[in-house]
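The values are calculated or read from the model by the stated rules, or taken from the named source; none is laboratory data. On a predicted model such as this, the values are computed, not experimentally measured, just so you know. Cβ coordinates were reconstructed from backbone atoms using ideal geometry, including for glycine residues, and neighbour counts include every protein chain displayed.
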Amino acid sequence: MKTIINIEKLKIYNSYGGDIDGICRNNRPIEKAVFGDSLDNTWNLITNKLQDIELISKRLVSYEYKKNVLTELEEITNKETFKLFTDKIPFYSDFQKVRQILETIKSWTTDETDTVWAGYDNGKEFLIDLNTDIEKIRFCDFETLVKLNMEFAPTSTYQEISLSNGWSEEFLKLAEQFDRLYNVIKKQTVIENKREWWKFW
């Protein structure tokens, strides 16, 4: 059975500054009941996930590491709790906005889309690459972000496809959105030596 992290558990963890000895010393049955028989496991899991979030925020881990952490976090939290964790990653929400831009391009594309001028034999071939990029952006892959910066450039992949398929004006709006997000993400950093940066409230 998976250990689940929810808002109530985070509030208690937060109130003790992450110190499990604190909750043990206070010995409040109501608080301990929130964790049931898994106090140690859940407490350690929260600590470990916060450490993972910090490593991701500082860009010290690989794409696969980020993917595994975020996938597991999504499995052991609800939507609200997941957001509390990912809000601590300075670039996470902007990556998801980039993903939405790619999803929009995907919604305009079919297997029959004209992609010849963009270097693809057909729309199906292009969609394979696009779906790969969407997946990687979902998990905040910076290498893919740099690749997309080239794809969104004038006369590059996406503009060529938009011109061939009659959505060039819509593409220009998406390209402007992407450019803004790209510049914001590249400037984002974690504030070093900030005390208790992980606190939720």
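Among the listed residues Lys32, Lys49, Lys79, identify the single one that is touching a helix residue (DSSP H, G or I) at 6+ places or on another chain (Cβ under 9 Å) and modelled with pLDDT of 95 or more. First the steps, then the outcome.
On the way: Lys32 fails: modelled with pLDDT of 95 or more; Lys79 fails: touching a helix residue (DSSP H, G or I) at 6+ places or on another chain (Cβ under 9 Å).
That would be Lys49, the only listed residue that is touching a helix residue (DSSP H, G or I) at 6+ places or on another chain (Cβ under 9 Å) and modelled with pLDDT of 95 or more.
Does segment 40-56 contain any residue that is outside any helix (DSSP H, G or I) and either outside the structural domain of Leu163 (by TED's automatic domain parsing) or surrounded by fewer than 16 Cβ atoms within 10 Å (Cβ to Cβ) (or both)? So far as segment 40-56 goes, no, none of its residues is outside any helix (DSSP H, G or I) and either outside the structural domain of Leu163 (by TED's automatic domain parsing) or surrounded by fewer than 16 Cβ atoms within 10 Å (Cβ to Cβ) (or both). When the criteria are applied in full, Ile30 meets the requirement of being of a type in the set (A, V, I, L, M, F, W, C) and either in contact with a His (Cβ under 8 Å, 6 or more places away or on another chain) or exposed (fewer than 12 other Cβ atoms within 10 Å of the Cβ) (or both).
Select from segment 57-76 the residues that are assigned to a loop (DSSP other than H, G, I, E, B) and in contact with a Leu (Cβ under 8 Å, 6 or more places away or on another chain) and write down the one among them that is farthest from Ile12 (Cα to Cα).
Filtering segment 57-76 down to residues assigned to a loop (DSSP other than H, G, I, E, B) leaves 58-62, 76.
From what's left, in contact with a Leu (Cβ under 8 Å, 6 or more places away or on another chain): 61, 76.
Details: Val61: 29, Ile76: 17 Å.
Looking at residues that are assigned to a loop (DSSP other than H, G, I, E, B) and in contact with a Leu (Cβ under 8 Å, 6 or more places away or on another chain), I get Val61.
If you go through segment 21-52 and keep only what is β-branched (Val, Ile, Thr) and touching a residue at least 24 places away in the same chain (Cβ under 8 Å), you end up with Val34, Thr42, Ile46, Thr47.
Filtering Glu80, Glu103 for residues that are closer than 28 Å to Lys186 by Cβ and either without any contact (Cβ under 8 Å) to a residue 60 or more places away in the chain or not in a loop (DSSP other than H, G, I, E, B) (or both) leaves a single hit, Glu103. In segment 81-98, what residues are crowded, with 18+ Cβ neighbours inside 10 Å and among the hydrophobic types (A, V, I, L, M, F, W, C)? The answer is Phe85, Ile89, Phe91, Phe95, Val98.
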